[in-house]
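Before any comments, here is the structure.
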Amino acid sequence: MITLLDYGAGNVRSVINAIEKLGETVYIASGPEDIARADKLVFPGVGNFGSMMHVLRGKGYVAALTHYLKADRPFLGICLGLQALFEKSEEAPDIPGLGIIPGAVKRFDTDLSVPHIGWNGIVIQQETAMFNHLSGAEKFYFVHSYHVVPNHPGVALTYTTYGEPFVSSVKAGNMVATQFHPEKSGDAGLAVFQNFIQPGPGRPASIRPKTETHLAKRIVACLDVRATDAGDLVVTKGDQYDVREKGEVRDLGKPVDLARRYYEEGADEITFLNITGFRDFPLKDLPMLAVLKQTSRHVFVPLTIGGGIRDYTDPSGRMYTALEVAAEYFRSGADKISIGSDAVAIVEDYLAAGERTGKSAIEQISAIYGNQAVVISIDPRRAYVDRPGGKPHHVIETELPGPKGERHCWFQCTVKGGREGRPVDAVTLAKACEDLGAGEILLNSIDRDGTNSGFDIELINAVADAVSIPVIASSGAGSESHFLEVFTRTGAEAALGAGIFHRREVPISAVKKYLADKVEIRL
Ligand code: 1PR
């Protein structure tokens, strides 16, 4: 049996699912005495270093953990469960860590996007059974803005490169802790758990000289989900956001089945968008939560869910905050939530007030679950103008003239699934959301959605050049070469496809095969 330390933030469900998938039982510690009794302890952490240490102290876990670790008992720390082992972190300079490993946790100091999100390699530095049955060439899923810097390099188990090499896991005796998320790293990650649960006789992956690793461009499969008129929850797909064909909602399959298929085909991430979330209240929409719960039992790559994440008052007058909605999604297996319509309202208020209030959904959710957990889904449409001046928007010169031959355009944000245009542009919105604490931009295009005509390169460049957080390019993928184009002509770190995957026009595996010798990807 594995004891799991859950201090109440983020997605421990996926760690439980991964361990249970391997046939092992999980006992969730409910107090320090459970740590003392554990045979093998897993400590997954997400969110903020300061709030984690605060909760660990408040619940009396610090002494129990320190005692457990000093006795060299089997321990697997994940993400913040690694960072907690160090003396201090730049994320919360006044709050001490456990101090088991001398050293500090530092923020990435790089021109690259921060957080470091996605699949990156490892270079193994110590003999360990933790990587039995692996070659060492696999990629693992990372999502973090801070990394550990041990005083003594001998504790490093692996290095990974993001701008500079950093220590991506440590090992000392029976204590192993990884910055990457084995529970989100597909088969390679499951192998790490298996080796922790019961290391078999397999050959350990070989130690390698310190070489560079590379972050992969991500291929994301997106499932737009809604109920049909008959009330069945289905994956649908629009043409420029119109999901009806001959009056009926297009039904392209069951959400859980499709998500599983895309995982098996090699999707690096899966996104569910509850596309009628703007009018239905998701906490009443239990089937959507059930979809997430079932999916996360079998799918071990990151799951994002969007739709309806906003404050809400139900007919009885009960008020729900966006944070409560997000928390329910995280508890059900989501790694990230995506905010669409509400982000536009938040940014309009922020621009009008000229300062942060700390009260918006973006600020509140990122403060508790970390910036990486908050994705902003933008639904822009091109608005053509004759000339660049005269508009308070980010206007670009375009190679795709408008209906009257206009040579300039801006990208107008919309809400409610494209039904309503707002007076804010996608570039301004993305920058403001980054200021407020968002960790990633999911950049759709109503003009390209469902057209199979390729991504809107001008839109993606305008936004990706303006922000330092990762941008997921979305809308218009129709062939393998469109993915190559978006990765070579823009700074997008991920590209999303929906229709081509649902209609089986091009499988994800074919996209990856096509890209394999041209851009860095995870195979
Ligand atoms: O506003 O916070 O409730 O979130 C609602 C979410 O639902 C938003 O993220 C919004 O983008 C999405 N949404 C709302 N209506 C639609 C619709 O299609 N009628 N879908 C919709 C948006 C865009 C992508 C699509 C890509 C790729 N769909 O999700 O998957 O365009 O498609 P393609 O590869 O087939 O071209 P809130």
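Here Tyr241 fulfils each of the conditions (1) at pLDDT below 95; (2) more than 9 Å from the ligand (Cβ to nearest atom); (3) open to solvent by 40 Å² or more (accessible area, probe 1.4 Å) apart from (2). Looking across the range 45-62, not a single residue is under 20 Å from the mean Cα position of the chain (by Cα) and at pLDDT 95 or above.
Summed over the range 482-509, residues that are more than 15 Å from the ligand (Cβ to nearest atom) and within 27 Å of Thr236 (Cα to Cα) total 4.
Going through (1) open to solvent by less than 40 Å² (accessible area, probe 1.4 Å); (2) touching a Gly at 6+ places or on another chain (Cβ under 8 Å); (3) part of a helix (DSSP H, G or I) one by one, Ala343 falls short only on (2). Can you go through Val114, Val123 and tell me which one is open to solvent by less than 40 Å² (accessible area, probe 1.4 Å), farther than 22 Å from Ser14 by Cα and at pLDDT below 95? The unique qualifying residue is Val114. Is it true that Ile309 is farther than 30 Å from Val192 by Cα, touching a residue at least 40 places away in the same chain (Cβ under 8 Å) and in contact with a Pro (Cβ under 8 Å, 6 or more places away or on another chain)? Yes: the conditions hold for Ile309.
Per-residue answers, yes or no, for (1) open to solvent by 10 Å² or more (accessible area, probe 1.4 Å); (2) within 18 Å of Val415 (Cα to Cα); (3) in a loop (DSSP other than H, G, I, E, B); (4) modelled with pLDDT of 95 or more:
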{"site": "Val256", "(1), (2), (3), (4)": "yes, no, no, yes"}
{"site": "Tyr262", "(1), (2), (3), (4)": "no, no, no, yes"}
{"site": "Ala267", "(1), (2), (3), (4)": "no, no, yes, yes"}
{"site": "Phe272", "(1), (2), (3), (4)": "no, yes, no, yes"}
{"site": "Phe278", "(1), (2), (3), (4)": "yes, yes, yes, no"}
{"site": "Ala290", "(1), (2), (3), (4)": "yes, no, no, no"}
{"site": "Lys293", "(1), (2), (3), (4)": "yes, no, no, no"}
{"site": "Thr304", "(1), (2), (3), (4)": "no, no, no, yes"}
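Within the range 421-446, the set of residues being within 10 Å of the ligand (Cβ to nearest atom) and more than 20 Å from the chain's Cα centre (by Cα) comprises Ser445, Ile446. Of the residues Gly476, Gly499, Gly437, the single one that is more than 22 Å from Ile117 (Cα to Cα), of a type in the set (Gly, Ala, Ser) and in contact (Cβ under 8 Å) with a residue 60 or more places away in the chain is Gly499.
The rows are residues; the columns are (1) within 12 Å of the ligand (Cβ to nearest atom); (2) in contact (Cβ under 8 Å) with a residue 40 or more places away in the chain; (3) farther than 22 Å from Ala290 by Cβ.
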| site | (1), (2), (3) |
| --- | --- |
| Asp335 | no, yes, no |
| Gly358 | no, no, yes |
| Glu363 | no, yes, yes |
| Ile376 | yes, yes, yes |
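If the condition is being open to solvent by 70 Å² or more (accessible area, probe 1.4 Å), more than 14 Å from the ligand (Cβ to nearest atom) and touching a helix residue (DSSP H, G or I) at 6+ places or on another chain (Cβ under 9 Å), then the range 398-420 contributes Glu399, Leu400. Pairs linking a residue in the range 441-456 that is farther than 19 Å from Ser341 by Cβ to a residue that is within 7 Å of the ligand (Cβ to nearest atom) and not in a loop (DSSP other than H, G, I, E, B), with Cβ atoms under 8 Å and 6 or more positions apart or on different chains, are Gly450/Gly499; Asn452/Gly499; Asn452/Ile500. For first residues located in the range 166-192 and over 19 Å from Glu24 (Cα atoms) and of a type outside the set (Gly, Ala, Ser), partners that are at pLDDT below 95 and assigned to a loop (DSSP other than H, G, I, E, B) and lie 6+ apart or on another chain with Cβ distances below 6 Å form the pairs Lys171/Gln126; Lys171/Thr128. I need the helices (runs of 4 or more DSSP H) fully contained in the range 1-105, keeping only those with at least 1 residues that are open to solvent by less than 10 Å² (accessible area, probe 1.4 Å) and touching a residue at least 60 places away in the same chain (Cβ under 8 Å). Per the criteria, 13-21, 49-58, 61-70, 80-83. Out of Ala367, Ala383, one residue alone is part of a strand (DSSP E or B), in contact (Cβ under 8 Å) with a residue 24 or more places away in the chain and among the aliphatic types (A, V, I, L, M). It is Ala383. Within the set Tyr312, Tyr320, Tyr329, the sole residue that is closer than 21 Å to Arg13 by Cβ, open to solvent by 10 Å² or more (accessible area, probe 1.4 Å) and within 16 Å of the ligand (Cβ to nearest atom) turns out to be Tyr320.
The values are calculated or read from the model by the stated rules, or taken from the named source; none is laboratory data. In this text the structure is predicted, and so the values were computed from the model without any measurement. Quick reminder, even Gly has a Cβ in these numbers, built from the backbone with ideal geometry, and neighbours come from all protein chains shown. All accessible areas refer to the heavy atoms of the entire protein, side chains included, with ligands and DNA or RNA removed. Shrake-Rupley method; radii C 1.70, N 1.55, O 1.52, S 1.80 Å.
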